[in-house]
Amino acid sequence: MTVADLHSGQTAIIKNIDFSHPSSCRVVEYGFTPGQELQVINKSIFNDPLSVSLRGALIAIRKQDARCIEVFLPNEH
C-alpha cells in the first residue's frame, strides 16, 4: 500500500521508500522517511495533489510522488 492509496483522514506509518522511483529523493527531502507517522488530510479534485500531515507540517504532494512511499496502517502491523 502507498500513500496514494490512502483515503482522507487515514493515518499510516511509512514502511519503505521505493528508490527506483524517480521522485524518491524528493520525498525523502520533504521528510518522508521510514518509521514516520503521517495522515492524509485532504485529497483535491481527481485526488491529485494530496495534503499530508507529517512531522507537524502540512505537505502537498503529487499522487505520482506519493506512489513511491510504501506505508502500513497501524492496526495492520
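Of the residues making up segment 32-58, those that are modelled with pLDDT of 95 or more and either of a type in the set (D, E, K, R) or under 22 Å from PHE19 (Cβ atoms) (or both) number 9. Restricting attention to segment 11-68, the residues that are assigned to a helix (DSSP H, G or I), hydrophobic (A, V, I, L, M, F, W, C) and touching a residue at least 24 places away in the same chain (Cβ under 8 Å) add up to 2. In this structure, PRO74 qualifies as touching a strand residue (DSSP E or B) at 6+ places or on another chain (Cβ under 7 Å), at pLDDT below 95 and not in a strand (DSSP E or B).
The values are calculated or read from the model by the stated rules, or taken from the named source; none is laboratory data. Owing to the predicted nature of the structure, the values given are computational and were not obtained by experimental measurement. Glycine gets a Cβ as well: all are built from the backbone with ideal geometry, and neighbour counts include every protein chain shown.
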